[in-house]
Amino acid sequence: MIEQKELNRMTQELETLLAEKFGARKGPLAKRFRRAGRRLPSGMQVRADEVLKALEQASHPKLIRMIDPDHLRRRYDELRAHLRSIDPADRRKGFALGVLGGLAFNILLLTALAVLFVRWRGLL
């Protein structure tokens, strides 16, 4: 059986990591994971759902006995390791480069279409 103190420690650490990496600073753990949303890979979303389900079961005295502590610790460790590996500065750089790349492509496409139009009209 898993202790309530350990569950509280897990919850606190996950909340801290989500606040640091995704800016999810308010609300319960489930709301913070929803705020992270698609920025988490699908495998990590599944692990987060399993941890959240176990934490929900832990609030009931009889259901807490049904939680497999080894499975919960493995899922928690995998989720924690992934969250620790995220670099928020690199995510921001990647987002900015993606926006700039899309903008540059659109400008090139617009220029090519303008040149084709001018040639088609016989002005060039």
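The values are calculated or read from the model by the stated rules, or taken from the named source; none is laboratory data. As the structure is a prediction and not an experimental result, all values here were calculated from the model. Here the Cβ positions follow ideal geometry from the backbone for every residue, glycine too, while neighbour counts run over all protein chains shown.
Considering only residues in segment 13-67 that are among the acidic types (Asp, Glu) and closer than 17 Å to SER85 by Cβ, the one that is nearest to the chain's Cα centre (by Cα) turns out to be GLU20.
Scanning segment 17-40 for residues that are touching a helix residue (DSSP H, G or I) at 6+ places or on another chain (Cβ under 6 Å) and not in a helix (DSSP H, G or I) yields a total of 2.
Looking only at segment 3-52, which residues are of a type in the set (A, V, I, L, M, F, W, C) and either farther than 19 Å from ARG74 by Cβ or touching an Asp or Glu at 6+ places or on another chain (Cβ under 9 Å) (or both)?
Taking segment 3-52 first, the residues of a type in the set (A, V, I, L, M, F, W, C) are 7, 10, 14, 17-19, 22, 24, 29-30, 33, 36, 40, 44, 46, 48, 51-52.
Scanning segment 3-52 gives LEU18, ALA19, PHE22, ALA24, LEU29, ALA30, PHE33, ALA36, MET44.
Among the residues of segment 111-121, some residue qualifies, meaning at least one is of a type in the set (Lys, Arg), exposed (fewer than 10 other Cβ atoms within 10 Å of the Cβ) and assigned to a helix (DSSP H, G or I).
Going by the conditions given, is ALA54 exposed (fewer than 11 other Cβ atoms within 10 Å of the Cβ), in a helix (DSSP H, G or I) and aliphatic (A, V, I, L, M)?
No, not satisfied.
Return yes when LEU113 is closer than 22 Å to GLN4 by Cβ and of a type outside the set (Ser, Thr, Tyr) and no when it is not. So LEU113 does not fit the description; no.
In segment 73-84, the residues that are assigned by TED's automatic domain parsing to the domain that holds PHE22 and loosely packed, with under 13 Cβ neighbours inside 10 Å never reach a residue that is part of a helix (DSSP H, G or I) and aromatic (Phe, Trp, Tyr) with C-beta atoms less than 8 angstrom apart, at least six apart or across chains.
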